[in-house]
Amino acid sequence: MTRVGFYVIQQAGEAQRLQVAARLADKAFQRGHRIYIHARDQAQARSLDTLLWSFRPGSFLPHGLAGEPG
């Protein structure tokens, strides 16, 4: 059965919310789960894309943006 989790983040800043999203995505990936993150807009999606490549030294979190090749 599909399970969906929701997190309420107390920090109001965009950077903190994206950091939490990146950490949760990494944790889920390490456990073998597939992840879908819905961004507010293209700018937020690009910010998260950049963060997922660099948020933890030596990490690799394969991902892509919807509608883009590859």
- Task: Within the chain, list the trypsin sites (Lys or Arg not before Pro) lying in a DSSP loop whose Cβ has at most 11 other Cβ atoms in a 10 Å radius.
- Result: Arg3, Arg31, Arg34, Arg40
- Task: Using only the alpha carbons of the stretch 14-53, determine the length spanned along each of the three principal axes and report them from longest to shortest in whole angstroms.
- Result: 28, 17, 15
- Task: Please identify every one of the chymotrypsin sites (Phe, Trp or Tyr not before Pro) in the chain that sits in a loop by DSSP and has no more than 16 other beta carbons within 10 Å of its own beta carbon.
- Result: Phe6, Tyr7, Tyr36, Phe60
- Cα gyration tensor of the chain - equivalent ellipsoid semi-axes, whole Å, descending: 17, 17, 14
- Message: Sequence gap at least 6, Cα distance under 8 Å: using those rules, report the relative contact order of the chain to the nearest whole percent.
- Response: 25 percent
- Item | Burial ordering of Val8, Val20, fewest other beta-carbon atoms within 10 Å first | Val8, Val20
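Just so you know, all these numbers are worked out from the coordinates, no wet-lab data involved. Here the structure is a predicted model, which means the values were calculated and not measured. All Cβ positions, glycine included, derive from the backbone under ideal geometry; neighbour counts span all protein chains shown.
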